[in-house]
1. Name, by its number, the condition in (1) out of contact with any His (no Cβ under 8 Å at 6 or more places or on another chain); (2) closer than 16 Å to VAL38 by Cβ that does not hold for ALA105.
2. Can you confirm whether region 65-78 contains a residue that is of a type in the set (Val, Ile, Thr) and either in contact (Cβ under 8 Å) with a residue 24 or more places away in the chain or in a helix (DSSP H, G or I) (or both)?
3. Taking the condition under 13 Å from the mean Cα position of the chain (by Cα) and farther than 19 Å from GLU107 by Cβ, does VAL44 pass?
4. Pairs only if they're at least six apart or on different chains, beta carbon under 9 angstrom, first in region 90-114 and in a helix (DSSP H, G or I), second surrounded by 13 or more Cβ atoms within 10 Å (Cβ to Cβ) and among the β-branched types (Val, Ile, Thr); list them, first residue then second.
5. Just one of the numbered conditions (1) over 17 Å from the mean Cα position of the chain (by Cα); (2) farther than 12 Å from HIS55 by Cβ; (3) hydrophobic (A, V, I, L, M, F, W, C) is not true of VAL80; which one?
6. Just name the residue that is farthest from ARG92 (Cα to Cα) out of those in region 19-54 that are in contact with a strand residue (DSSP E or B) (Cβ under 7 Å, 6 or more places away or on another chain) and of a type outside the set (A, V, I, L, M, F, W, C).
7. Name every residue in region 64-77 that is surrounded by 15 or more Cβ atoms within 10 Å (Cβ to Cβ) and among the charged types (D, E, K, R), in order of residue number.
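Derivation of every value follows stated rules applied to the coordinates shown; laboratory data play no part. These numbers come from a predicted model, not from an experiment. Ideal geometry is used to build each Cβ from the backbone, glycine not excepted, and the neighbour counts take in all protein chains shown.
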Amino acid sequence: MSRTAALATPPAHRGPLVVQPLRKRHCAECRRGPLPLVVVEGGVPRCLDCADLGHLVFLPRGDTALTRRAREESGLSAVVVRFERRRGRYERQGVLVEEAGLARAEERCLADAE
């Protein structure tokens, strides 16, 4: 395996991995598209609804405490990555979490701020 191929593989993770594709992608199951986020399972892109992740909301990177708490409060979460051509690797863009878990995490962050 070449060095560039090793760098171009998504990082190891727990749970589902969601990719922001660089090119327009369509769901292999329902044929919807182009999709802003896809779940790649078995080398085949699927939309969030077909992968049973459509109920999750996107939390962009930046606020570490909120992200950590939202993942703790949410029963299901997924990491969102995008391939960075310039650096030749996948970079984390944020997480998908349940809306109720995000609301509880925001309340906990506000309580700590006071």
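1. (2)
2. yes
3. no
4. Within 9 Å, the pairs are GLU99/VAL57; LEU102/VAL57; ALA105/THR67; ALA105/VAL97.
5. Checking VAL80 against (1) over 17 Å from the mean Cα position of the chain (by Cα); (2) farther than 12 Å from HIS55 by Cβ; (3) hydrophobic (A, V, I, L, M, F, W, C), the one that fails is (1).
6. GLU29
7. Of everything in region 64-77, those that are surrounded by 15 or more Cβ atoms within 10 Å (Cβ to Cβ) and among the charged types (D, E, K, R) turn out to be ARG69, ARG71, GLU73.
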